[in-house]
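FYI, it's all coordinate maths here, none of it is from the lab. Treat the numbers as computed from the prediction; the structure is a model and nothing was measured. Backbone-built Cβ (ideal geometry, glycine too); neighbour counts: all protein chains shown.
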Amino acid sequence: MCGIVGYIGGQTAAPIVLEGLGKLEYRGYDSAGVAVLAAGGLKVAKQAGRVRDLEAALPKRFAGKLGIGHTRWATHGAATDVNAHPHLDAEGRVAVVHNGIIDNAGTLREKLTADGVELVSETDTEVLSHLVARSEAETLEGKVLAALSQIEGTFGLAVLHADFPDRIVVARNGSPLIIGVGEHEMYVASDLAALVRYTRQVVHLDDGELATITANGFTTFTDTHERTHKQATTVDVVAEDYDAGGHEHFMRKEILEQPQAAERTLRGRLDERFGTAHLGGLNLDPRDARSIRRVKILGCGSAYYVGQLGASLIEDLSRLPADAEPASEFRYRNPVIEPDTLYVAVSQSGETADTLLAVQEITRKGGRVVGLVNVVGSSIARACDGGIYLHAGPEVAVASTKALTTMSLGFALLALHLGRVRDLSIADGRRIIEGLRRLPDQIAEILEQDEALAEIAHRLAASESLFFVGRVRGFPVAREGAQKFKEISYRHAEAYPTSELKHGPLALISAEVPTVAIVPHDELTDRNIGALHEISARKGPLVVVGHADVDLGELSATRIDVPRNVPELDPILLTIPLQLLAYHAALTLGHDVDKPRNLAKSVTVE
Ligand code: F6R
């Protein structure tokens, strides 16, 4: 969704800001803008459309050694030139870029209008520029604090003021902001992707924190203007992580990177001697872990489906009751927060507003939450009491692949850890570890079926509507398969438990509606095959994703076989071919695989 970039130093700011905005494109946006400050005052260029169009339209004279830029995902007001950020005050001396939502913007707009201020856009953000400009405080910091004291809502923001040409003031409340530290130049961004080309030394602002950024450094302070003392840390990502690296699409690159990503998630965490997983970041000593009576997993979209897989892993290995729930629904049902429940928030970006708000609801009520998060230092990771970083590496394509696979591994590690402080035997613990160690190579083996999968996807793409079905551990796999397929191919793909077909959806099966069925070799294989006969009898085309030793008998079906692991971990492998089916179907249909319509990589609004 929205993105912020800023630069101050010895170089011309605009190209650096625009380059940074380009790196944030993957998050999804519909307009972009940049403001620079030079001797002649503020200059602003902004318009609906892509960053490259903005770059092409930039006036020739657009110099200035400090600048801020923004990619906007429309919330308040349409995606127009006027609504694009930065927003200026009436005199054109203050420029503001803002991520988040100002809840009391309506009231503030009315007040400003009553005071004779003419607001030119429909956005909530514009009020901020007027409030900063109208403050009588003597410093820019004082003016920003005065404006923020009138605001209710969430923000990550950056402010330029023509009267203070040596600084950018930034603030954070509920929307990420990161300062990048260079040599006599400084950067700011809402996402590491925009910074890592220039520096790996970063400072994450906390909620309620502001910073003054000059060419030579930064100072951080609270919203009551007390100094905070932040040290820069080195991030372990590099600029190349955000390049497609010769691949046609980021999604393809990220699918192919899964064996290495899986290895990183597991590295240093498996302990054969005791048949367990070491998860120091959980901050859960064995006595705490033993006192847990239930596990509740919260995530959104695909992260929720992986959460369902995680719940079954936890139940299987630790015999603790576990379930997953969409984080977006959780806090609205006034949930009972139990002291002996372990809450687990799962998120790739660590910035999904629905998941973050669920975490805050739990911690506010005294519950204990741990996070399974990919992005280090992200809002969800910081809001949790502990957690497991996934180490998938940056994920750029909107459709999540490698991050989801590493989430499943994170759940397997958590399940093993909880199991071994409870009743899981050392032999079973070692059996799971042995399975985990085999996974990266088995994933690589599946990826070799790329060509065959492309051919199957090509056929599936011809259908307007598809079913994905699976049972028990296979059902979350089917849900994720349908999700991936629909979000990038725009075909209607619906997931059902195989056992539920006869209770309704069978009415829709026909020669035009194919079914992708998850049929591993397990205790339900025969029942699964029984249901497939019902589909076949109604002429429904079948694609069976399972194991080579599943005997389909007389059934006519296209087979996709994956290697067998231990039954608890098989779902992780069964998910991999479904990613490639979705990818190739989207390619066949000529869609933008990495940036599907209407979707954003990181959904930072409720
Ligand atoms: C699907 C997808 C989304 C995300 C969801 C949660 O491919 O990417 O459904 O899984 O928006 O995002 P995170 O994991 O960043 O919280």
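A few remarks follow.
- Ascending count of other beta-carbon atoms within 10 Å, so fewest first, for Y496, Y332: Y332, Y496
- Per-residue HN-Hα couplings for region 174-184 [Karplus 6.51, -1.76, 1.60; θ = phi - 60°; Hz; x = Gly/Pro]: x, 9, x, 9, 10, 9, x, 9, x, 8, 6
- Computed over region 1-110, the convex hull of the alpha-carbon atoms projects to a mean area of 6.9 nm².
- Amide H within-cut-off set for R294, under 5 Å, with H built and near neighbours excluded: L342
- Among H229, H591, a tally of other beta-carbon atoms within 10 Å of each Cβ gives an order, fewest to most, of H229, H591.
- Karplus (6.51, -1.76, 1.60) ³J(HN,Hα), θ = phi - 60°, over region 280-295, in Hz, Gly and Pro reported as x: x, x, 5, 6, 10, 7, x, 5, 4, 4, 5, 7, 6, 10, 7, 10
- Shown for L279, L372, L309: other C-beta atoms within 10 Å of each C-beta, ranked fewest to most, produce the order L279, L309, L372.
- Vicinal HN-Hα couplings computed from phi for region 534-550 (Karplus, 6.51 cos²θ - 1.76 cosθ + 1.60; Hz; Gly/Pro x): 5, 5, 4, 4, 9, 6, x, x, 10, 10, 10, 9, x, 10, 4, 8, 7
- Distant-in-sequence amide contacts of E512, defined by a placed amide H-H separation under 5 Å and a gap of 5 or more residues or a different chain, comprise nothing.
- Amide H to amide H, with H built 1.01 Å from N, H521 comes under 5 Å of H547, counting only residues 5 or more places away or on other chains.
- Antiparallel DSSP beta bridges within the chain, as percent of all bridges there, nearest 5: 60
- In a DSSP loop and with at most 15 other Cβ atoms within 10 Å, the trypsin sites (Lys or Arg not before Pro) in region 319-397 are R319, K365.
- Reducing region 61-137 and region 201-239 to their Cα centroids gives an inter-centroid distance of 24 Å.
- Value of Rg/Rh across region 267-334 [Cα atoms, Kirkwood radius]: 1.03
- Across K402/K539; K296/K486; K65/K595; K65/K601; K46/K230; K23/K253, pairs whose alpha-carbon gap is larger than 23 Å: K402/K539; K296/K486; K65/K595; K65/K601; K46/K230
- Cα-Cα pairs of the chain separated by more than 45 Å (percent): 22
- Isotropically averaged projected area of region 152-200, using the convex hull of Cα atoms (one quarter of hull area), nm²: 4.1
- Rh (Kirkwood; distinct C-alpha pairs) - region 295-429, Å: 14.6
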